[in-house]
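The values are calculated or read from the model by the stated rules, or taken from the named source; none is laboratory data. All of these numbers come straight from a predicted model, not from anything done at the bench. We place every Cβ from the backbone using ideal geometry, glycine too, and count neighbours over all the protein chains shown. Just the protein is used for accessible areas: all its heavy atoms, side chains included, with ligands, DNA and RNA removed. Shrake-Rupley method; radii C 1.70, N 1.55, O 1.52, S 1.80 Å.
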Amino acid sequence: MFDIKWITIPLPALTLCNMNQAMYSKVANYTRGSKEYATLQYLCYSEIIHNREMEKSPEFQNNDIKPADFIVKHSQPCSRMIVACQLSSVDMDCSELFREVLTEEGLCCSFNGLHPKFLYKGNYYTLSKLVQSPDMVPIDWNPEKGYPANLPPKYYPRPAYGTGIAMGLSLILNAEVDEYYCSSSSSAGFKINLASPVVRSLMKEDGIIVPLGAETSFRIDAQITESSPAIRSINRRRRQCVFLDEEPLVFYRYYTKTHCENECLSIYFIDKCGCIPFYLPIISPNATICNMSRHFCIEHAKLAHNPFGRCMSRCQTSCFELRFLPHTFSSPLAVHNYTVKSNLLTAWPKEEVQRNIAVVHFYFRESVIHSELKNVYIGFTEFLSNSGGILGLFMGFSFISVAEIVYFLLLRPISKFLLPKRYRKSPLLIQVRPAPKKYKHWLPDEICRVGTKSYYAKREGGRKESNRYPLKKNSVL
């Protein structure tokens, strides 16, 4: 855990979705038996996929409507969903913060995500562009490298500015319940997902429901996972993570577990149904988006036993990840006769606020990041120090002992048994004569000196002189 340097991490990428699947005023005139009505039934009723008669009916068999086009045309746009925005207590134009995106939950609004040119490879399709000021510059960011060294004055993904509601993002959302035709769940309201700016997750699995008529706070803790370069040499199955540049993907520029799984789903549906659902990545230039006639095949393929296991097994977590852990709590909006701070809320009747409005706050709880570092458990240096310490503790072992072992086990046997005799040095025990009394500092008589015959002969003037003190038999060095 360490203190946040606010410029180093971005605000969470938010995805907001109204659970209304189609606005009533736009679909009320569709008649039973039409392709549009059949598409509407598919979006609204999950039980329809088990109705074999409906699957074989002409309005489905010959239905060439693309669900993505139908959803965009009949869903609530972001301009009507998001009523007011505040970023760091400053009123903002919501069209400068949010862009429209398609998910399996329908048409949604995205904030602080990575620009598509940095997120995807090749061609990509966007529903709407940010209405941003000319000095707002999109930049590349990823969890491994962070923000670039040289940053413009204004850019996105926007960085975190501080802690508390005053330094976070506040929104007023309008669900327009009177326009509900059907909901993606059993209630009315919104689904919200928080993720890293480089991640495009699936809303149906990760979305958090926000109720209407309530003020909901998302108190966020940031958690980052980092990895040491030393673990690159370890097999991926053992280290259980993948570096961003280690597993190139087809559609996404950056590897994440979610992106890898999304591409696996696309491969699976191409194999089973010959097309890709609109909310999954297009992994082949020849791949087609499924129309309504193929969506029954998609739903049946989802129900197969362990359909994605072989491909999913290679989708491991990323070695560098930024996660946001929200803690949510809500309280009812004002319905009694007392004053509230927001002028926008007081402009609506209290019954209208209770039925349609949700106030949402996103902010960091504290100025620290919960960090996790993946590193080798025992490296070479640790192994060497641990081995030396253990051997030294139990055996009195040291590096000098290594030299002694090498000498006595290798060098001495070679010199004694393998080298020719003429290269061996013959030891000679030299006795020191008694010292004359006039030399007070002479060595004691019992001191002996070890030499060789050749050495002594040189010192004493020849081989004959050296025999004066012959080596005693069985003398020991």
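The table below lists the values:
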read-out	value
Per-region count, segment 164-200, residues part of a strand (DSSP E or B) and within 30 Å of residue 138 (Cβ to Cβ)	12
Count of segment 165-216 residues which are among the polar types (S, T, N, Q) and in contact with a helix residue (DSSP H, G or I) (Cβ under 7 Å, 6 or more places away or on another chain)	3
Test: residue in segment 255-274 that is hydrophobic (A, V, I, L, M, F, W, C), touching a Leu at 6+ places or on another chain (Cβ under 9 Å) and under 30 Å from residue 358 (Cα atoms)	no
Unmet criterion (only one of (1) crowded, with 16+ Cβ neighbours inside 10 Å; (2) over 19 Å from residue 107 (Cα atoms)) for residue 39	(2)
Filter pass, residue 276 being at pLDDT 85 or above and open to solvent by 50 Å² or more (accessible area, probe 1.4 Å)	no
Residue check for residue 118: closer than 21 Å to residue 9 by Cα and modelled with pLDDT of 90 or more	no
Matching residues in segment 42-60 - criterion: being in contact (Cβ under 8 Å) with a residue 12 or more places away in the chain, under 18 Å from residue 188 (Cα atoms) and outside any loop (DSSP other than H, G, I, E, B)	43, 44
Those residues of segment 147-166 which are open to solvent by 20 Å² or more (accessible area, probe 1.4 Å) and either within 21 Å of residue 224 (Cα to Cα) or touching a Cys at 6+ places or on another chain (Cβ under 8 Å) (or both), in sequence order	147, 148, 149, 161, 163, 164
Criterion violated by residue 98 - all others in (1) at pLDDT 85 or above; (2) more than 26 Å from residue 194 (Cα to Cα) satisfied	(2)
Residue that is modelled with the lowest pLDDT [pool: residues in segment 175-223 that are surrounded by 20 or more Cβ atoms within 10 Å (Cβ to Cβ), out of contact with any Leu (no Cβ under 9 Å at 6 or more places or on another chain) and within 15 Å of residue 107 (Cα to Cα)]	201
Segment 142-163, residues that are within 30 Å of residue 80 (Cβ to Cβ) and in a loop (DSSP other than H, G, I, E, B)	157, 158, 160, 161
Of all residues making up segment 7-36, the number that are polar (S, T, N, Q), without any contact (Cβ under 8 Å) to a residue 40 or more places away in the chain and open to solvent by less than 60 Å² (accessible area, probe 1.4 Å)	1
Single match in 373, 384 (criterion: more than 30 Å from residue 190 (Cα to Cα), assigned to a strand (DSSP E or B) and either at pLDDT below 70 or not hydroxyl-bearing (Ser, Thr, Tyr) (or both))	373
Flag if residue 170 is at pLDDT below 85, out of contact with any Asp or Glu (no Cβ under 9 Å at 6 or more places or on another chain) and farther than 18 Å from residue 8 by Cβ	no
